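Enquirer: After the structure tokens below, expect a handful of questions from me.
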Amino acid sequence: MKGNRRKPLQLLRSAYRLLRKNDPLTLSAATAFFTTFAISPIIIILVNVLTLYFNRESIRPQLFSKIASIFGQETAMDIELIVNNFRTLESNIWVTLGGSLFFVFVATTLLSVVRRAIHKIWNIRQKSGKELGYGVKERAIETGVILLTGALFLFALFLDTSVSIFRDYLHELIPQVHTALIRVVNIFFSIVVITLWFTMVFKLLPEARVQWKVAFTGGLFTGVLFSLGKFVMGKFLIHGKMASIFGASASIALVLLFIFYSSFILYFGAAFTHEYARTSNKPIQAGKLAEKLSD
């Protein structure tokens with residue numbers, strides 16, 4: 001029994017040692033820097049894809065409402081302003097086409113940064129002589145991850161709608177307990193969606209063969225840590241005195257801080273996934289266009 005209790009702690013220690021060995025502060029800072037430029041193109045891509053099937057005026061408010069729940073209303077308004085400024089450049093079909101290609105390039109470049117950071121942690125590198133095939137596959141997978149992110153966003157909206165209907169029904173049935181229960185249900189569904197996203201990242205984004213159980217376990221661990229961090233940062237940053245500290249740059253500072261933390265958690269989750277796979281005798285293997293270095 002004592003050994004069973006020690007095993008999770010040993011796993012966390014080995015994951016932390018692996019993360020520390022790969023300079024996580026530099027990886028997280030680089031990811032946060034690229035994200036400040038990529039967040040608006042990603043939002044534009046998601047809106048354009050989702051509006052192929054849904055009304056733009058119904059999707060945009062929902063999307064920025066989600067952003068506001070993470071960064072706060074003021075930061076969400078600043079991001080929306082940047083997105084609107086990007087959209088004013090779409091004056092003709094050639095500008096629109098060129099802008100769309102630019103947005104895809106910027107968005108996938110961010111995921112390329114994340115992909116290479118995970119490769120570094122997992123001791124995977126691209127095979128020599130496979131640059132063209134690797135690059136094409138890399139961009140295709142990164143575009144697919146963005147589209148799957150849109151699908152998860154729709155799933156999250158469906159869950160929100162379901163919870164709202166359930167909340168109204170429960171309020172009529174048991175007015176005294178509905179608030180606390182709905183909060184618990186919202187937290188649970190939020191962790192489910194976040195876990196699915198991290199699972200998708202660990203399974204699909206790297207040039208590696210990862211078993212689904214390993215990817216899901218890593219995704220769940222990372223999703224729980226991310227949710228805890230989002231709650232803490234919401235209390236101390238979004239509802240704190242950021243404006244009095246950073247002045248006019250409070251919004252960008254908040255985005256950088258949040259993404260820096262999120263990146264650190266993502267890479268800690270990647271290290272945890274690697275160590276969990278190793279200790280479970282389900283080691284992560286390199287894909288066809290990559291090779292595994294010795295751990």
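The values are calculated or read from the model by the stated rules, or taken from the named source; none is laboratory data. These numbers come from a predicted model, not from an experiment. Here the Cβ positions follow ideal geometry from the backbone for every residue, glycine too, while neighbour counts run over all protein chains shown.
Enquirer: From F103, F37, which residue is part of a helix (DSSP H, G or I), surrounded by 18 or more Cβ atoms within 10 Å (Cβ to Cβ), modelled with pLDDT of 70 or more and hydrophobic (A, V, I, L, M, F, W, C)? Full working, then the answer.
Expert: On the way: F37 fails: surrounded by 18 or more Cβ atoms within 10 Å (Cβ to Cβ).
Answer to the selection: F103.
Enquirer: Here's a follow-up. Scanning segment 173-226 for residues that are among the polar types (S, T, N, Q) and either surrounded by fewer than 16 Cβ atoms within 10 Å (Cβ to Cβ) or modelled with pLDDT of 90 or more (or both), which turns out farthest from the chain's Cα centre (by Cα)?
Expert: Looking only at segment 173-226, we keep the residues that are among the polar types (S, T, N, Q), and these are 176, 179, 186, 190, 195, 199, 211, 217, 222.
Okay, now just the ones that are also either surrounded by fewer than 16 Cβ atoms within 10 Å (Cβ to Cβ) or modelled with pLDDT of 90 or more (or both), so 176, 179, 186, 195, 199, 211, 217, 222.
Working: Q176: 36, T179: 28, N186: 18, T195: 10, T199: 10, Q211: 20, T217: 16, T222: 10 Å.
For segment 173-226, the residue satisfying everything is Q176.
Enquirer: Only one of (1) at pLDDT 75 or above; (2) of a type outside the set (S, T, N, Q); (3) surrounded by 15 or more Cβ atoms within 10 Å (Cβ to Cβ) fails for I67. Which number is that?
Expert: It fails just one condition, (1).
Enquirer: Quick one: I124 ticks every box in (1) at pLDDT below 80; (2) closer than 28 Å to I39 by Cα; (3) over 15 Å from the mean Cα position of the chain (by Cα) except a single one, so which number is it?
Expert: Among (1) at pLDDT below 80; (2) closer than 28 Å to I39 by Cα; (3) over 15 Å from the mean Cα position of the chain (by Cα), the lone unmet condition for I124 is (1).
Enquirer: Also, quick follow-up: With the requirement that a residue be modelled with pLDDT of 75 or more and surrounded by 17 or more Cβ atoms within 10 Å (Cβ to Cβ), what does segment 147-165 give you?
Expert: The answer is T149, and nothing else.
Enquirer: Let me ask you something else. Looking for whichever is in a helix (DSSP H, G or I), within 23 Å of the chain's Cα centre (by Cα) and at pLDDT 75 or above here; the options are T75, T109. Which one fits?
Expert: Result of the check over T75, T109: T109.
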